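Only one structure is covered here, and it is reproduced in the block below.
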Amino acid sequence: MKSKHETTTGAGSHGPARDSSGPIAIVAGSGRLPIQVVEHLEKTGQEYRVLAFRGFAAPELRKKAHANVDLLDLKTILSTLDAWKPSAVSLVGAVRRPGFSALLGAYSALRNMQEVKEVITRGDDQVLRGAVMLIEERGHRVIGAHELAPDLVAARTLSGSLTPNEDDRQAITVGLDLLASLSSFDIGQGAVIARNHVLAIEGPEGTDRMLVRVAGFRQSWFGLRRRKEGGVLIKAAKRGQDLRVDMPTIGPRTVTEAAKAGLSGIAIGAGSTFVLEQEETLRTADRLGLFLVAVDLPWMEAYRD
């Protein structure tokens, strides 16, 4: 799957020339996604190098990493990539956004101060795009994890054994409209909708904690669970999002938290959402009585199957 954001090394880059026969460099954050991408590369026999972020990458990945580095040590990150001469670089996994002063100090050693302020005072997407820009300026090609491991991406045919009812379909439509309208504000990629009612919008806490929040306000005064109240988690890429970074992701834990929140099911963007441990995720949805479907996003036609 080719990305519309794929770039080639320009004459103005000041890093080493990209070696098309070099390894794939995985810059790894937290979560299961980096692990599954590495496993895919191993199965397909592709050469790779892992640059793991301390405090973020899982212990099992840090053990096999070719280098471990602090998130804000940009000089070491860039010099390591230069030494590896990778054919492509992929930023995989989540990281917590550092504070303003920490980001300012890290970037200012490499970029114009005013330019840095313009990037880091905006949303998370701008910070991630700034990281991509730094890597590309060194002459490296940045690609998305979905290009390395397309089997992890939700196909349009993805579905569990249950199907959404009329109320659920209405909630999905409302949720997609909501996320499309919020795209320019650079906030989360998820929302919980019950028919026409917006129960929650994902913020910096992430999807799972948003679902915990929904479960919390669905408790009775005595702390007892009310009857299942329904509602749908909609998880989708933003309009204009660069899928090379921060692509929406769900997994078995997401399904479990959705069930605890009393939801009826989950709808995700087809062709633009990672589903970790796909078989287990679908089994968990069936076992807990939730539907799981992939839906087309009108604003993501370039990434459809």
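Each label point was placed 7 Å from the Cα along the Cα-to-Cβ direction; for Val212 and Arg195 their separation is 3.1 nm. Distance between the pseudo-spin-label points of Ser21 and Arg54 (7 Å out from Cα toward the beta carbon): 3.6 nm. Compared with the direct C-alpha span, the chain from Ala83 to Phe185 gains 33.0 nm at full extension, assuming 0.36 nm per residue.
Here the residues Ser161, Ser30, ranked from fewest to most Cβ neighbours within 10 Å of their Cβ, fall in the order Ser161, Ser30. The Cβ shell under 11 Å around Ala65 holds other residues with a net charge of +4, Lys and Arg each +1, Asp and Glu each -1. On the beta carbon distance between Leu178 and Gln219, with R0 = 22 Å, the FRET formula returns roughly 0.35.
Kindly identify segment 133-208 as rounded, prolate or oblate by the Cα gyration tensor criterion: order the square roots of the eigenvalues as a ≥ b ≥ c, call it rounded if a/c is under 1.5, otherwise compare a/b with b/c, prolate if a/b is larger, else oblate. Before the final figure, lay out each step's value.
Details: a/c = 3.07, a/b = 1.59, b/c = 1.93.
It comes out oblate by the Cα gyration axes.
Which order do the peptides 144-155, 54-65 come out in when sorted by mean C-beta neighbours inside 10 angstrom, highest first? Walk me through the numbers on the way to the answer.
Details: 144-155: 20.0, 54-65: 15.5.
Most protected by this proxy first, the peptides run 144-155, 54-65.
Applying 1/(1 + (r/R0)^6) with r as the Cβ-Cβ distance of Glu280 and Asp73 and R0 = 45 angstrom yields a FRET efficiency of 0.80.
Add +1 for every Lys or Arg and -1 for every Asp or Glu among the other residues with Cβ under 15 Å from the Cβ of Met210, and state the total. Each step should come with its number before you reach the end.
Details: positive: Arg209, Arg213, Arg218, Lys235, Arg253, Lys260; negative: Glu202, Glu205, Asp208, Glu257.
Net charge in that neighbourhood comes out at +2.
Every number in this text was worked out from the coordinates using simple rules, so none of it is lab data. These figures come from a predicted structure and were not determined experimentally. Please note: Cβ atoms are built from the backbone with ideal geometry, for glycine as well, and neighbour counts cover all protein chains shown.
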